[in-house]
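Report on the structure given below.
Just so it is clear, none of the values below were taken in a lab; they were calculated from the coordinates. Fair warning: this is a prediction, and the values are worked out from it, not measured in the lab. Positions of Cβ are backbone-derived with ideal geometry, glycine not excepted, and every protein chain shown enters the neighbour counts.
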There are 2 protein chains.
Amino acid sequence: MGPGPSSVNPRVLKAMTLPILGHLDPQFFKVMDEVCEMLREVLHTQNHITVPLSSTGTGAMEAACANMLERGDKMIVCRNGFFGDRLGDIAERCGAETFILDFVWGEPVDLQVLSDALDQYGPVKAVGVVHAETSTGVLTPMPDIVELAHRHGALVIADAVTSLGGHDVRMDDWDIDVCYSATQKCLGAPPGLAPISFGPRAMEVINNRPSKVQSFYFNLKGLESYWNQTRAYHHTSPISMTYALRESLRMMMEEGIDNRIRRHARVAGALRAGLEAMGIDLMAPEGYRINPLTTALIPEGIEDTAVRGRLLSDFDIEIGGGLGQVRGKAWRIGLMGESAKESNVFALLSALEQILPDFGYEVASGASLSAAQRALVSYDDGGVLP
Amino acid sequence: MGPGPSSVNPRVLKAMTLPILGHLDPQFFKVMDEVCEMLREVLHTQNHITVPLSSTGTGAMEAACANMLERGDKMIVCRNGFFGDRLGDIAERCGAETFILDFVWGEPVDLQVLSDALDQYGPVKAVGVVHAETSTGVLTPMPDIVELAHRHGALVIADAVTSLGGHDVRMDDWDIDVCYSATQKCLGAPPGLAPISFGPRAMEVINNRPSKVQSFYFNLKGLESYWNQTRAYHHTSPISMTYALRESLRMMMEEGIDNRIRRHARVAGALRAGLEAMGIDLMAPEGYRINPLTTALIPEGIEDTAVRGRLLSDFDIEIGGGLGQVRGKAWRIGLMGESAKESNVFALLSALEQILPDFGYEVASGASLSAAQRALVSYDDGGVLP
């Protein structure tokens, strides 16, 4: 129940025991095609270049920046959490003149601030936004941001590492130019691959850039000729991980993409209700809370690592600590992929009810559990989440 | 039997079905420590930073260059095959002034040429060499090259992707500064991770470079604080692949590193003898042939892809085609890791004996098989390999 990797279904783990095929074996090309086709469905896109990169999500962040940016290009990065910060760092390493817009950690991106910045710093090549900030649990709605950026002639790079599979991500409808994710969150596969998709505007940039992409490993033109019908060798694909991703995507297709998202919303609502019943405040404002990860403000006087240590040692439950600015101030509780299930909610709430009093924080026994239960019933009745 | 990925032992595949641990779970730190300890043994090094990167070997090549080089640094790349060419491309993308020394594909690096270049272009920051060229099957002995480069104040970046586990790689004795490999060749794990090690001179460069490393994902200072005792988050480790690498390294320790190398030498000798008995010439000169991969010159009039197609469809055997300059001219036959076994040698030779006559190339039935058998006996008797 950390901020990812999430638990992985045995079917997905078992897929990795398939014999290794060569990365240029026609049978493996079929696996690749199947993976790409399902990734397009999950991202709701027709983009031809929708492929898993041979890296984690951070590598995809780098691939997005390295392919889009050339030395001297301007990029605006919306920073309302740890991963926005990372995006700015990477854009800068790619040689871009980077403008960081700071928003309060725990709040979504403010459109007006972005609009002013686009006016002030333009022309800007790209705007970088984190859809679901894993450090703060905040969702930034994308469509208006994309519309605004495009009106200013800027591309949009969207980080959907934690949102994909746990929230709607509609790449084509929302007109996002570059969108990437990772396998170990709501997609339900082990960490190690990072789906990425490039839209028409992004491909035009790539096809017309005068300078070489500074990374060979993440150079999209090279990757493209392996993933398209040319099948030219670029690097050796992580074969077993690709099997795992295929199986996890098949499971998502069986469940239904919308059902998967609803499952995430349902258990997240229950967790939030339980925590609030315990008197624990949530960090993200209502309406902007992400399903896959709930950020809980650690009550006054409670020592972060001691509680997390007890959870791990006595209850076999891992939750995440705060990153960056919120280190020691918030817990990050993941309910993503295979881990997004009722039993995890009740296991954690019950464990916290047992642990917190030892730290002088009194809780009414069972109160959080019944609040969670009520939230589940209310969700199933089509009621509004608490 | 391609140039990698090699087949993977079921024990290693099964290791990937272990439940996913968090990348910051103390239990996973133990897995990491165990992996690093065994990697140090395999590389014969005491280097603290000896870790698996979350990428394939090409990513490690990029990590080596990106961390060592700053804009304007001079690097000499010895190019005697496809991967030397790639190393030069990457060095250039890292902003280095790159000097490519061309050697005949199929020959090792010539010390005199390198020596002249070091005099002519110096001071040079680094020299890049591929220990075992997977495109040509040629081994370039390292110690003299390292000695020469150091005498000129240059670091040595050595690509041991195909050699590690199939040949002696003695990082400390040979005084190599940066050495990297990949999991899917002689180490016997699936593709997806890339061991890399940085020696004291390399660490000094990293610790004192004024400019930021252009890659965040491959930035060693960031990776170091995750892999050393700080355990600071850098990116989410590919957990399942790390289990696989641990199991494959454990199997290598059980077999013994030297025994593993001898196994590769033994079957490679048998394959070479069999091919030569069939009248097929080897590309690499005697004394510089790599064990894990044998390059066979395709006899006049034989169509490359047709033969490889028949091998795959009728005999379930994959061998590699030529890369770059030797495309269509050579076959690349891998006997690496789990695939380095007698039965593979006989299966391939027997398949070729059956296929080649259909292409008008007559072979004496059984001749290649008995030549291979004699080579095995001679190796076991301590005789010299034919």
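Size of the dipole of the stretch B:251-386 about the Cα centre, Lys and Arg at +1 and Asp and Glu at -1 on the beta carbon, nothing else charged, in debye to 20?
Charge dipole, the stretch B:251-386, about its Cα centre: 320 debye, nearest 20.
Figure the gain on full extension for A:Lys30 and A:Ser225 (residue separation times 0.36 nm, minus the Cα-Cα span) and round it to one decimal in nm.
Computed gain between A:Lys30 and A:Ser225 is 68.6 nm.
What is the average number of partner chain Cβ atoms found within 10 Å of a Cβ in A:59-71?
The mean count of partner-chain Cβ atoms within 10 Å per residue comes to 2.
Quick one: label points 7 angstrom along Cα→Cβ at A:Ala347, distances to the other copies in nm, smallest first?
Label-point distances to the other copies, shortest first: 4.1 nm.
Using Cβ counts within 10 Å as a stand-in for footprinting exposure, how do A:Asp173, A:Asp73, B:Asp358, B:Asp25 rank, fewest first?
Arranged by neighbour count, lowest to highest, A:Asp173, A:Asp73, B:Asp358, B:Asp25 become B:Asp358, A:Asp173, B:Asp25, A:Asp73.
Quick one: compute the contact order of chain B, relative version, from alpha carbon pairs under 8 angstrom and 6+ residues apart, as a percent.
22
Round to the nearest 0.05 the FRET efficiency obtained for B:Lys14 and B:Lys341 when R0 = 25 Å and r is the Cβ-Cβ distance.
0.80
Please go through the residue pairs B:Lys74/B:Lys221; A:Lys212/B:Lys329; B:Lys125/B:Lys212; A:Lys14/A:Lys341; A:Lys74/A:Lys221; A:Lys221/B:Lys185 and name each one whose alpha carbons sit more than 19 Å apart in this structure.
From B:Lys74/B:Lys221; A:Lys212/B:Lys329; B:Lys125/B:Lys212; A:Lys14/A:Lys341; A:Lys74/A:Lys221; A:Lys221/B:Lys185, over 19 Å: B:Lys74/B:Lys221; A:Lys212/B:Lys329; A:Lys14/A:Lys341; A:Lys74/A:Lys221; A:Lys221/B:Lys185.
Over the stretch B:1-111, what relative contact order in percent results from Cα pairs under 8 Å that are six or more residues apart?
18
So what's the projected area for the protein assembly as shown, the Cα convex hull averaged over all directions, in nm²?
For the Cα atoms of the protein assembly as shown, the hull's average projected area reads 32.3 nm².
Take peptides A:6-18, B:36-48, B:328-340 and line them up by average Cβ neighbours within 10 Å, highest first, as a rough protection proxy.
B:328-340, A:6-18, B:36-48
For the stretch A:63-111, which GluC sites (Glu not before Pro) are both in a DSSP coil and crowded by at most 16 other Cβ atoms within 10 Å?
none
Measuring from label point to label point, each 7 Å out along Cα→Cβ, what is the B:Phe359 to A:Val377 span in nm?
Each label point lies 7 Å from its Cα, and together they span 7.4 nm.
Loop-only check: which trypsin sites (Lys or Arg not before Pro) in the stretch A:234-324 are DSSP coil with at most 15 other Cβ within 10 angstrom?
Those that pass, being in a loop and sparsely packed, number zero.
Given label points at 7 Å from Cα along Cα→Cβ, what nm distances, shortest first, separate A:Asp144 from the same residue in every other copy?
Copy-to-copy label distances for A:Asp144: 7.1 nm.
How many Cβ atoms of partner chains, on average, are near each residue of B:234-247 if near means within 10 Å of its Cβ?
For this peptide, the per-residue mean of nearby foreign Cβ atoms is 6.
Using a Gaussian network model of chain B with C-alpha springs under 10 Å, which one of B:Leu349, B:Leu24, B:Leu297 is most mobile by mean-square fluctuation?
The residue with the greatest mean-square fluctuation here is B:Leu24.
Kindly provide the helix-only [θ] at 222 nm of chain B, computed as the sum of -39,500 (n - 2.57) over DSSP H runs of four or more divided by all residues, to the nearest 500 deg cm²/dmol?
Only helices count here, giving -13500 deg cm²/dmol.
For A:Gln325 and A:His44, FRET efficiency with R0 = 41 Å and r from the beta-carbon atoms, rounded to 0.05?
0.80
Length gain on complete extension for the stretch B:Asp102 to B:Ser115, per 0.36 nm per residue less the alpha carbon to alpha carbon distance?
That works out to 3.3 nm of additional length.
Pairing the Cα long axis of helix B:304-315 with the longest principal axis of chain B, what angle in degrees results, from 0 to 90 and rounded to the nearest 10?
Once rounded, the angle reads 80 degrees.
So the label point sits 7 Å from Cα along the Cα-to-Cβ vector; using that for A:Gln229, what distances do you get to the other copies, in nanometres, sorted shortest first?
Computed spacing set for this position: 5.9 nm.
Which residue of chain A is nearest the rotation axis onto chain B, counting by its Cβ, and what is the distance in whole Å?
A:Met16, 2
Can you give me the relative contact order of the stretch A:258-380 as a percent, contacts being Cα pairs under 8 Å and 6 or more apart?
Here the relative contact order equals 35 percent.
Could you work out, residue by residue across A:14-25, how many beta carbons of other chains sit within 10 Å of that residue's beta carbon, and then give the average as an integer?
Mean shielding count: 6.
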